[in-house]
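Before I ask anything, here is the structure I am working with.
Nothing in this text is a laboratory measurement; each read-out follows from the coordinates by a stated rule. All values reported here derive from a predicted model rather than from experimental measurement. Glycine also receives a Cβ, built like all others from the backbone with ideal geometry; neighbour counts cover every protein chain displayed.
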Amino acid sequence: MKRFVLPIAIALVVIYMAETAASVVLGGYRPNLVAAFAANEYILSWQRLPYPGYYEVEVLKAPPSGRFPAPPGQRLFSFRTWGNSFTINDNYPFRTYWRVSAHGLFRHPLGGYSDLLDLAVLTGRSAVDFQRLKPVATCSYPAAAPAADKPMLSWTTVPGAVYYEIEFLDAPPENPGGIEPSQHRFTHSREVFTNGFNADFSRYELSRLWWRVRALDYDGDPLGVFSDAQEIFIDHDKEQTLRPLPTTVFNRDGLPTPLYPAYSWVPIVGAVGYEVEVLSAPPELPAGTAPSVHRIWSKEVSGFSCYDEEPRVTPGTYYWRVRGLDAAGEPVGVYSQAGSFVVDLKRGNYAATLGDSITHGGGAVSYSPGDWEYSFQTYLNFPVVNLGRSGDTSETMAERFERDVLPFRPKFLIIMGGTNSLRGGTPAEKVIEDLAAVRAKCLAHSIRPIFLTLPPINPEAIRKVFNEETASNWRQEFDTVNNFIRQQRYYIDLDPHLADAGRELPDYYAVDGLHPDIEAKKVIAQIINAHWSRVTR
């Protein structure tokens, strides 16, 4: 063995010297970064160097000053590859800047950084490409199959839309693809908080009309243009049974069911409330008005979503549906079609996430944890079950540990909690005590606790949306808790990557100042992905 040591050492010295020389010779080299679109993905590529080495793909939340390394907090995450291409799919945040640099085997820089690639511009999601933010109708009522006078209309969601405006026209719009209402509008509604609307044409004699919809932000400003106008034929004599349209789809793309499911739907005409029921078997009368004999849980709500209050820890297949209720509590129409979800405790054996609503999911004011795009678990590269519960404090997280975590026996538990406590005035020392209790329970059951620092919040936005005040010393208290988290053996730092210059959560990350929206959920997930091997090895 010893006779190989000297030749290997000499070879390493030669490579090191060659690489040092190459870094000088290639000092003016900068990768020419280009992008191509294929199969709903963007493929970044650059020319390969004649010298052996690897390439670092760097993702930044803001353009750096010049061609220098990004300062702390500005660099979100990075990737290394021996090839000369990298694929960006929809799991990555689009409000980011990408660049590439080459490095030798001994990490010597081989030249400088490539030009920046603005992903928002590349994907058409920047302000300059406003036209591409356009809903697309997902229903059709042609002359051969007309609608009754209360048709259910639906369309694709616009990411970040807080609500929608739908307008009905007696002629095709004179301004297709625009943002202004049409002069042919005869009625409209802005009371549309999901990607569907149960229209009521019973007061109109029209048998043919057009409709279109556009997305709006919290302040009612358009987020894009109107959808293409859809012609719709109405048969006022056609019989129709009203039923809510479920919008929550569980186990999409193989995702496990959250411990506390949330259910959402498109409301129906005439209903002032709704009742959701969870069943242990398919309903015996799929289009009935009476509760099922298989009912195991139910709840009445006034909106268009419902949060399950029971942790679903008993394995099996479950079903859920919703019906409308009038002011007297009597059924309006019939139950919706039944959706299903599977509870499989083995899905949480590897990793689980424990926390409050930031972990549970939802955002942009109108979206619940039932909208999978608003859960950071959706974008993780490894299997994980969501044990989050909206409204949790650090104390309630610790209290429910045995009931909610232990049935899954995860190897790794991702922990993020304390935001509700701190913004409500609970001292940081109490939150630290609760987090330490969660850590102790993890270690007692051979679970590795992996802490996430608390993302910042935006008190002004919270006041605007929720009419709630935030403790005046929230930033100092957050810092105290986050400093405790940074002292743990296993942690991932989120706070600096989600903060603006004033160390608050910017509105493009969270409309309501508290719950990160899609873009921020992708940032959280990709930061976790980038550090996962470090905290699990």
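Compute the length gained on full extension between residue 82 and residue 206: take 0.36 nm times their separation in residues and subtract their Cα-Cα distance, giving the result in nm to one decimal. Could the numbers behind the result be given before it?
On the way: separation 124, 0.36 × 124 = 44.64 nm, distance 6.40 nm.
Full extension of this stretch gives 38.2 nm more.
Considering amide H positions built from the backbone, and no H for Pro or chain starts, which residues 5 or more places from residue 490, or on another chain, come under 5 Å of its amide H?
451
If one computes P(r) from the Cα atoms of the stretch 79-176, what percent of pairs lie at distances over 15 Å?
Tail fraction, whole percent: 77.
Restricting to DSSP loop positions (anything but H, G, I, E, B) with no more than 14 other Cβ atoms inside 10 Å of their own Cβ, which chymotrypsin sites (Phe, Trp or Tyr not before Pro) remain in the stretch 428-537? Each step should come with its number before you reach the end.
Values: sites: 451, 466, 474, 478, 484, 490, 491, 508, 509, 532; in loops: 490, 508, 509.
Sites meeting the loop and neighbour criteria: 508.
Taking GluC sites (Glu not before Pro) that fall in a DSSP loop and have at most 16 other Cβ atoms within 10 Å as cut points, what is the longest piece of the chain between them?
Longest stretch, sites excluded: 1-173.
Taking the Cα centre of the stretch 463-507 as origin and charging only Cβ (+1 Lys, Arg; -1 Asp, Glu), how large is the dipole, in debye to the nearest 20?
Here the stretch 463-507 has a charge dipole of around 140 debye.
I need to check one value: relative contact order of the chain, counting alpha carbon pairs closer than 8 Å and at least 6 residues apart, in percent.
About 11 percent, as a whole number.
Just flag the chymotrypsin sites (Phe, Trp or Tyr not before Pro) in the stretch 78-124 sitting in loop per DSSP whose Cβ has no more than 15 other Cβ atoms within 10 Å.
82, 106
What's the local net charge at residue 260, with K and R +1, D and E -1, over the other residues with C-beta under 14 Å away? Write down the numbers at each step before the final one.
Numbers: positive: 299, 312, 389, 400, 403; negative: 308, 309, 310, 356, 392, 404.
Value of the local net charge: -1.
What is the percent of Cα-Cα separations in the stretch 378-483 that go past 20 Å? If you can, show how the numbers build up before the last one.
Values: 2355 of 5565 pairs.
Tail of P(r) above 20 Å: 42 percent of Cα pairs.
Same structure, new question: Calculate the dipole size of the chain relative to its Cα centre from +1 charges on Lys and Arg beta carbons and -1 charges on Asp and Glu beta carbons; express the result in debye to the nearest 20.
2880
Can you pull out the trypsin sites (Lys or Arg not before Pro) in the stretch 421-455 that DSSP calls coil and that have at most 12 other Cβ atoms within 10 Å? It would help to have the intermediate numbers written out before the result.
Numbers: sites: 423, 430, 439, 441; in loops: none.
Those that pass, being in a loop and sparsely packed, number zero.
Over the Cα atoms of the stretch 133-233, compute the convex hull volume and normalise it per residue, giving Å³.
Spelled out: Cα convex hull of the stretch 133-233, divided by residues, is 86 Å³.
Which of the helices in the chain meet the span-like rule: DSSP H, Cα axial reach of 30 Å or more, Kyte-Doolittle mean at least 1.0?
Counting only whole DSSP H runs, the qualifying helices are 2-25.
Based on Cα positions only, what radius of gyration and what Dmax would you give for the stretch 345-537, in angstroms?
Looking at the stretch 345-537, its Cα Rg and Dmax stand at 15.3, 44 Å.
Which of the residue pairs 346/521; 134/522; 346/441; 134/238 have a Cα-Cα distance greater than 27 Å in the structure shown? List each step's numbers first, then the result.
Details: 346/521 25 Å; 134/522 22 Å; 346/441 20 Å; 134/238 31 Å.
Exceeds cut-off: 134/238.
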